[in-house]
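Here's the structure we're looking at; comments come further down.
The values are calculated or read from the model by the stated rules, or taken from the named source; none is laboratory data. Note that the coordinates shown come from a computational prediction; the quantities given were computed from them, not determined experimentally. Don't worry about glycine lacking a Cβ; one is built from the backbone with ideal geometry, like all the others, and counts go over all protein chains shown.
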Amino acid sequence: MAVDHGEPVLLRPADMGEPDAAQAFVRLNEAALARLDVRSLVEPAQRGVTLRLQPGARVGAVPLRHPTTGRVFSGFVVRPRFDWAGMGRVLDQTGWQAAPDLLALPLVPGSGREVPPWVIAGPAIRRLRDLLGHLARGHEMAEDVLPRVRGSVRWAAYAATELPSGNWQRFPCRFPELGPDTNLRSEVRWALERLHRLLAGVAAGDRLSAQLAGEALTLLSGLADVIPRRPGRASHLLPEDPVVGAGREALGWVADDRGLGGSAESDGLAWAADLDGLWERFVEGQARAWAATVGGSVATARDRTALVPVRWRRRAAASLRNLAPDVVVRVGRRVVIFDAKYKAHLTGLDAEGWRALAADERDAHRADVHQALAYAALFDAEVVTTALTYPLRSETWRRLADSDRAVIMGDVATGGRAVRLALLGLPFGWDSGHRHHWPGWDALLAA
């Protein structure tokens, strides 16, 4: 198992049965590893070559194929450096907007032992919840005469037709009718019951699993009128309606008994999650909540309201077409730009100083600063502050916040306006009842 942005995993061709297997291994597995942002590096060694698998900014699990047989023989799992619990809390805090992507790859041998069940159960429950809401909005009201009450009784019709004829036990009713969607609701109930059992089994030691188990139970309370039924082959078909299609895909995940993880014996589905994107969503949420307290307006790259086009004079030479700050908060004549960076620069700078950083870390940090200053030049404001926003472990953030170092400010000399650079730390996976963490943020708007 590897860790995002962590040390490379070393493989020797002899471990795979063939001394010259490295190139074949790369050829067969490069595409799958790329989905995890893992680079394959073949390097010379004393005896032949060594294969280094260098993890990047994604986590997940993919199958590995044997260089000789081409068959799946193992799996590669990248876990978050802030641990599964931290990632789970950020996913929950961001409403699972950057949920893991399921990959069209074979099952990953043994990954069920390594990956918590909420990785798949979380997005599955969200999809099933959206599907049920979609079906509820699609109800049509039907009328019929029934031997028992369903929905509401049309008492005027009952008094006018059934009572005079002696049919006291026949009721003209008006009720919501789902038609063929009753089958789909039955499949949703089956899937939610299985998800609830899975999550409840580990809820004692996993707060997120306990929370998701409660959500599944709440959804089940609205499905008491249908009988659970295991999803059939038709549930894997994706119709044109995106909500129904996503829900049916989630039913397919749950119907695969080996796919959800959390078991000591099961294989798991192949999946990947972009931690850069997840961190951007978290920073955006924090910036939006802070902006509401200071009366600021918000624009983002994600919704394309913060894009600034680059107008090239020669189209043939055009490269970057837009500058895209992650989040821009405007408060009167002051602008704060949040640039989310899923890196460890702030921790390293605070703990060891600039000289102690490795050369590649210094180069990456310089690139971040240059990008921040380019963003600052985009806006006509009296004061422009660009905050490079980095993730921190909760204990590190507490220590920095207690000593007033969670925000580090710097001034850039300019001709006629104030341009500032901020290094801003936020806790990744903050384990508390507080959703927002803004000590020292007043400095972002200070004159």
Of the conditions (1) of a type outside the set (Phe, Trp, Tyr); (2) in a helix (DSSP H, G or I); (3) at pLDDT below 90, Pro176 clears all except one; give me its number. (2)
So if I check each of Leu219, Leu184, which one is in the same structural domain as Ala124 (by TED's automatic domain parsing), touching a Lys or Arg at 6+ places or on another chain (Cβ under 7 Å) and under 24 Å from Gly245 (Cα atoms)? Leu219
Which number in (1) free of Cβ contacts under 8 Å to residues at least 60 places away in the same chain; (2) outside any loop (DSSP other than H, G, I, E, B) marks the one condition that Arg194 misses? (1)
So Glu143 ticks every box in (1) within 17 Å of the chain's Cα centre (by Cα); (2) of a type outside the set (Gly, Ala, Ser); (3) not in a helix (DSSP H, G or I) but one. Which box is left unticked? (1)
Identify the residue in the range 91-110 that is among the aliphatic types (A, V, I, L, M) and within 8 Å of the chain's Cα centre (by Cα) and, among all such residues, is surrounded by the most Cβ atoms within 10 Å (Cβ to Cβ). Leu91
Could you tell me whether Pro109 is touching a Ser or Thr at 6+ places or on another chain (Cβ under 9 Å), more than 21 Å from Pro228 (Cβ to Cβ) and of a type outside the set (S, T, N, Q)? yes
Of the residues that make up the range 284-304, is at least one surrounded by fewer than 17 Cβ atoms within 10 Å (Cβ to Cβ), basic (Lys, Arg), free of Cβ contacts under 8 Å to residues at least 12 places away in the same chain and assigned to a helix (DSSP H, G or I)? no
Could you tell me whether the range 273-283 includes any residue that is modelled with pLDDT of 90 or more, assigned to a helix (DSSP H, G or I) and among the β-branched types (Val, Ile, Thr)? yes
Could you list, in sequence order, all residues of the range 39-74 that are surrounded by fewer than 21 Cβ atoms within 10 Å (Cβ to Cβ) and closer than 11 Å to Ala2 by Cα? Gln54, Gly56
